[in-house]
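Written out below as structure tokens is the structure these notes cover.
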Amino acid sequence: MIVRLVQRIAILLASLVVSSVIVFAFMAVLPGDPARVALGVSASDTAVAQLREQFGLDRPLVVQYLNWVQGLVTFDPGNSYISQTPIGPQIADRLQVTLWLVVTGMVLACILAIPMGTLMAVRHRRPSGLILSALSQVGVAVPAFLAGILLITVFAVGLGWLPANGWTPPAQDPVLFLKQLVLPALSLGMVQAAMLTRYVRSAVLDVLREDYLRTARAKGLRPTQALLRHGLRNAAVPVVTVLGLHLATLLVGAVVIERVFVIPGLGSLLLDSVSNRDLIMVQDVVMIIAMAVLLVNFLVDVIYLVIDPRLRVGAS
Amino acid sequence: MSALDTEAAVASAVPDGRRRRRPMAGSLLVGGLIVSVVLGMALLSFVWTPHDPTLVNPSARLEKPSLEYWFGTDKFGRDVFSQLLMGSRTTLFVGFVAVGVAALVGVPLGIVAGMAPRWFGELLMRGNDLLLAFPALLLAIMFAAVYGAGTLVAMVAIGIASIPNFARLIRGGTLQVMKTEYVIAARAAGRGPFAIGLRHVLPNVSSLVIVQASVGFAIAVLAEAALSFLGFGTPPPTPSWGRMLQESQEMLSSAPRLAVFPGIAIAVAVLGFNLLGDGLRDRFDPKLEDRR
Amino acid sequence: MTAAPDTAPDSGAGSSGSPDDVLAVRNLDVAVGGRKLVEDVDFTIRAGERVGLIGESGSGKSLTALSVMGLLPEGLRATGSVRLAGVDHDLVGADEARMSRVRGKEIAMVFQEPMTALNPTMRVGRQIAEVLLVHRTRPDRASARAAAVELLAQVGLPDPAAAAHAYPHQFSGGQRQRVVLAIALANDPALLVCDEPTTALDVTVQARVLDLIVRGVQDRRSAMLFITHDLAVVATACERVMVMYGGRVVESGPVREVFTRPRHRYTQGLIGASDLTVVDERGRLVTIGGSVPPAGQFPAGCVFRNRCASATEVCATRPEWVPTGPDSGYACFHPVSEPVSEPVSESGARGTGMTTNKEAGRG
């Protein structure tokens with residue numbers, strides 16, 4: 001168990017290093033001069049040179065990279081090229097907002113998908129299962145931002161039950177916060193649920209065919225009992241993988257949803273930085289998102305070890 | 001005899017076709033039909049559109065659907081139906097290039113990773129997994145930040161982000177093919193890895209490639225729509241379903257239909273490619289019939 | 001067909017009402033779509049009796065066992081009657097609620113594949129304790145756990161307390177099969193159904209597991225229905241044997257009698273094929289000619305006639321059950337009259353009366 005855990009941590013660290021190199025290389029090596037990009041073509045050469053010096057862009061790339069990583073590790077990534085304000089607090093602020101959105105969306109997706117998918121698997125030969133199956137197929141085809149627009153059209157513009165957009169921190173006004181959270185979280189969650197349902201279905205279908213489920217029934221458990229006690233934990237392994245992978249999709253989906261609902265999250269920060277040509281900010285936000293994805297993948301691996309005792313064995 | 005034998009007995013006792021479930025055969029049909037319609041729209045747009053889709057006409061702003069303007073006009077007076085027709089071209093173009101990039105890199109990568117020594121294959125797959133940390137949208141935004149937004153940037157970004165899907169699937173298929181007796185026989189006969197890869201592995205994983213291409217197309221359509229919606233995709237004036245949606249957002253209260261038409265177009269196209277992929281999967285591998 | 005259903009392989013008279021009977025199967029059919037995979041199976045098992053059910057793959061023996069358990073795969077339907085002593089309803093067509101009270105308590109089952117029969121994510125002790133708790137044969141978790149450890153000791157696992165705390169993947173195939181057996185025997189069932197329980201095991205382990213099974217049922221005075229294609233296993237473990245082919249019972253009787261003096265041509269072939277000391281004139285091992293047709297595609301009349309050298313026109317009609325004793329009989333128009341050890345050569349041309357892979361011969 002410990003060996004496995006150490007192994008996974010090593011993989012996580014290696015992945016973090018490699019992806020940071022990718023992000024850095026991409027942003028620093030390819031595009032030419034970030035200072036020039038930040039200041040625009042019309043800027044004078046002296047101004048550009050000054051900015052380069054200020055941000056250490058004139059130093060060797062290795063040094064630049066190490067400085068950048070040091071900034072990330074110490075949670076002090078320095079200042080933005082454009083606004084000259086510290087990047088750290090901004091990212092932390094925005095990250096909070098996005099996390100609310102993503103976590104709520106994911107929880108909603110699970111609440112919808114796990115029972116639905118299980119039902120679809122158990123009834124996979126009956127009309128009810130097939131109808132649910134078809135519905136999920138349609139759900140998968142609807143992009144989250146389209147779901148968002150539709151939800152706004154119906155519940156905000158049409159019925160006027162909920163605000164069409166905006167964001168209020170929970171500490172400031174919990175009720176308004178919840179009201180504004182519902183529609184964006186639903187847009188993310190519903191689409192996610194459609195996808196997840198299909199994976200839950202196929203995982204449960206696989207488990208339903210397992211011999212140990214027949215053993216459980218031979219013991220005198222009813223089919224539902226057997227599925228709940230012996231099936232779900234085993235079906236969880238593939239579902240958790242998908243959950244992990246989809247958290248990445250959800251994070252990126254949040255970028256678009258934030259745009260639809262005018263929410264000041266990480267996605268809005270990223271998009272604004274791109275349009276402001278604030279490359280260091282873009283680099284940091286992209287790295288944060290990549291880090292989040294890798295961290296989730298690591299957690300998925302750890303959850304495996306908890307769910308499936310077979311994987312705890314040291315040797316492969 | 002146990003579960004296995006029993007199932008074999010059941011399978012052999014049932015006439016062919018009885019066991020194949022209708023909805024699965026249907027998914028191939030419906031998916032193929034939808035994809036053909038999208039393809040037809042794109043082809044049609046080369047020879048005919050009811051109006052010039054990019055023509056701004058201030059005197060015909062926000063027209064309701066009519067005989068003249070089948071789906072109405074947008075806030076600039078452009079014909080929505082014509083834009084949809086032209087938009088299908090963008091969608092298909094982006095899909096083709098993105099899937100092409102992904103398959104061109106992902107398939108050889110998967111085959112090499114499946115044929116190489118185990119440790120090297122694992123290493124390649126670890127690197128491959130790393131790409132998963134950069135979803136299409138994120139890559140496209142990164143690219144756009146550096147090179148500026150554009151169709152090419154979007155296509156390449158979506159393509160690169162789709163590589164891991166191909167590579168992983170093809171590696172799995174390759175590992176299976178490598179265990180078959182004809183490959184072992186070919187290796188025993190002294191055939192080089194290149195010949196085996198080309199002659200035995202590639203033809204046998206080609207059905208996987210086709211299925212993944214269809215599913216990848218759906219992903220590409222979704223990603224293109226999202227990128228255009230954010231303004232990182234196809235630049236105006238070239239019509240794009242995603243941008244039509246974005247432009248409709250400020251008119252939601254007065255003209256929700258402007259969101260509905262491109263929305264339906266995107267959803268139906270994605271549905272079509274997904275169904276086609278599912279149907280092809282079942283066609284190629286009936287053992288998987290009940291899944292997904 | 002004058003006598004439509006076969007008479008019971010055991011004594012035709014009073015078989016359903018005898019207080020000694022644990023299991024009474026009558027006119028059991030298993031069908032999928034319109035095809036019958038098991039047809040008109042009739043047999044009775046008495047208390048404490050150990051009965052073998054042999055036949056090749058696809059003969060319907062597993063489906064017969066699964067129908068008794070009510071665990072047929074989706075899409076298959078059993079008709080007829082399966083009665084178990086002490087259960088006031090027919091097991092065929094009983095709903096899940098009723099069946100679940102019977103399974104694991106009155107009838108238990110040991111499956112073929114020990115590697116997949118246990119839940120990989122649950123400790124072995126809990127999996128055994130569960131069957132006690134489900135049927136409330138132990139009042140609480142603690143005593144069920146203790147009973148589970150005791151059962152693990154009974155099936156011969158070293159250090160049963162530690163074993164109860166382990167997961168299935170930590171055991172070998174043979175050890176897992178012992179665990180499955182412990183689960184099956186936990187509630188002292190009246191009938192233990194074993195579906196090829198030793199087939200998947202190493203040869204060296206087979207004998208020990210088989211011995212455990214037999215001792216387990218003997219200690220509990222349970223009856224046993226033992227399914228296998230291995231005649232040697234039946235000879236050691238069972239008192240009576242039924243031979244199945246093409247979804248029907250073709251011969252039945254005490255093990256000794258059936259194995260030394262088979263009457264049905266199929267049984268004769270089966271025994272000839274399992275005897276590794278007998279070879280034909282070309283020095284090849286003896287086999288039954290042809291192969292088992294796909295389920296549901298057996299010939300009409302005698303199901304064996306397309307592989308049988310003795311088959312004549314009359315075999316196109318269905319052979320009646322010929323009782324030869326209280327528990328024995330066969331269904332064949334051309335029964336073997338001499339012991340198998342002496343080559344039968346009424347038709348001279350084929351020489352020994354046995355067949356090789358190449359020749360479609362008679363058994």
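Observations on the structure shown:
- In the range C:34-54, the residues that are away from chain B (no Cβ under 11 Å) reach residues that are surrounded by 22 or more Cβ atoms within 10 Å (Cβ to Cβ) and of a type in the set (D, E) with C-beta atoms within less than 6 angstrom, at least six apart or across chains, in these pairs: C:D40/C:D6; C:D42/C:D6; C:T44/C:D10.
- Yes/no for B:G72 being at pLDDT 70 or above and within 14 Å of another protein chain (Cβ to nearest Cβ): no
- If you go through the range C:92-126 and keep only what is more than 8 Å from chain A (Cβ to nearest Cβ), surrounded by 22 or more Cβ atoms within 10 Å (Cβ to Cβ) and over 23 Å from the mean Cα position of the chain (by Cα), you end up with C:V124, C:G125.
- Taking residues in the range C:237-250 that are within 11 Å of C:L53 (Cβ to Cβ), and partners anywhere that are assigned to a loop (DSSP other than H, G, I, E, B) and among the acidic types (D, E), the pairs with Cβ atoms closer than 8 Å and at least 6 places apart or on different chains are C:R240/C:E49; C:R240/C:D327; C:V249/C:D6.
- Residues considered: B:V209, B:V268, B:V205. Of these, the only one that is among the β-branched types (V, I, T), within 30 Å of B:G72 (Cα to Cα) and in contact (Cβ under 8 Å) with a residue 40 or more places away in the chain is B:V268.
- A:A218 in contact with a Leu (Cβ under 7 Å, 6 or more places away or on another chain) and closer than 30 Å to C:Q112 by Cα: yes
- Matching entry among B:R199, B:R171, B:R191 (being of a type in the set (K, R), surrounded by fewer than 20 Cβ atoms within 10 Å (Cβ to Cβ) and either at pLDDT 85 or above or farther than 19 Å from B:V107 by Cβ (or both)): B:R191
- Qualifying residue in the range B:153-175 (condition: closer than 30 Å to A:Q283 by Cα and not in a helix (DSSP H, G or I)): no
- Only a single item in (1) outside any helix (DSSP H, G or I); (2) farther than 27 Å from C:V87 by Cα is not met by C:R136, and it is number (2).
- Of all residues in the range C:76-91, those that are among the β-branched types (V, I, T) and surrounded by fewer than 16 Cβ atoms within 10 Å (Cβ to Cβ) total 1.
- Condition met for A:L228 (without any contact (Cβ under 8 Å) to a residue 12 or more places away in the chain and surrounded by fewer than 18 Cβ atoms within 10 Å (Cβ to Cβ)): yes
- Selection from the range A:138-179 of residues that are among the polar types (S, T, N, Q) and either in contact (Cβ under 8 Å) with a residue 60 or more places away in the chain or touching a strand residue (DSSP E or B) at 6+ places or on another chain (Cβ under 6 Å) (or both): A:N165
- Pair list, Cβ under 6 Å, 6 or more apart: the range C:191-207 residue more than 19 Å from C:S62 (Cα to Cα), other residue among the hydroxyl-bearing types (S, T, Y) and assigned to a loop (DSSP other than H, G, I, E, B): C:Q206/C:T198
- Any hit, the range A:245-264, residues being farther than 13 Å from B:L137 by Cα and among the small types (G, A, S): no
- Helices (runs of 4 or more DSSP H) completely within the range A:127-225 that count 2 or more residues being away from chain C (no Cβ under 14 Å) and among the basic types (K, R): A:174-208
- Exactly one residue out of B:A144, B:A133 is at pLDDT below 85 and more than 18 Å from B:V94 (Cα to Cα), and it is B:A133.
Listed here are the residues, each with its yes/no results for (1) at pLDDT 90 or above; (2) over 15 Å from C:A184 (Cα atoms).
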| position | (1), (2) |
| --- | --- |
| C:S67 | yes, yes |
| C:G70 | no, yes |
| C:L76 | no, yes |
| C:H89 | no, yes |
| C:V92 | no, yes |
| C:A97 | no, yes |
| C:V124 | yes, no |
| C:E130 | yes, no |
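- If the condition is being within 30 Å of B:W241 (Cα to Cα) and surrounded by fewer than 24 Cβ atoms within 10 Å (Cβ to Cβ), then the range A:111-135 contributes A:L112, A:I131, A:L132, A:S133, A:A134, A:L135.
- Tally of residues being among the hydrophobic types (A, V, I, L, M, F, W, C) and exposed (fewer than 15 other Cβ atoms within 10 Å of the Cβ) across the range C:162-172: 1
- Any helices (runs of 4 or more DSSP H) falling wholly within the range A:231-316 and containing at least 1 residues that are over 13 Å from the mean Cα position of the chain (by Cα), polar (S, T, N, Q) and within 14 Å of chain C (Cβ to nearest Cβ): A:232-260
- Flag if C:A232 is more than 22 Å from C:S62 (Cβ to Cβ), of a type in the set (G, A, S) and either in contact with a Cys (Cβ under 9 Å, 6 or more places away or on another chain) or modelled with pLDDT under 90 (or both): no
The values are calculated or read from the model by the stated rules, or taken from the named source; none is laboratory data. Everything numeric here is computed off the predicted structure, so don't read it as measured data. As a convention, Cβ positions derive from the backbone with ideal geometry for all residues, glycine included, and neighbour counts pool all protein chains shown.
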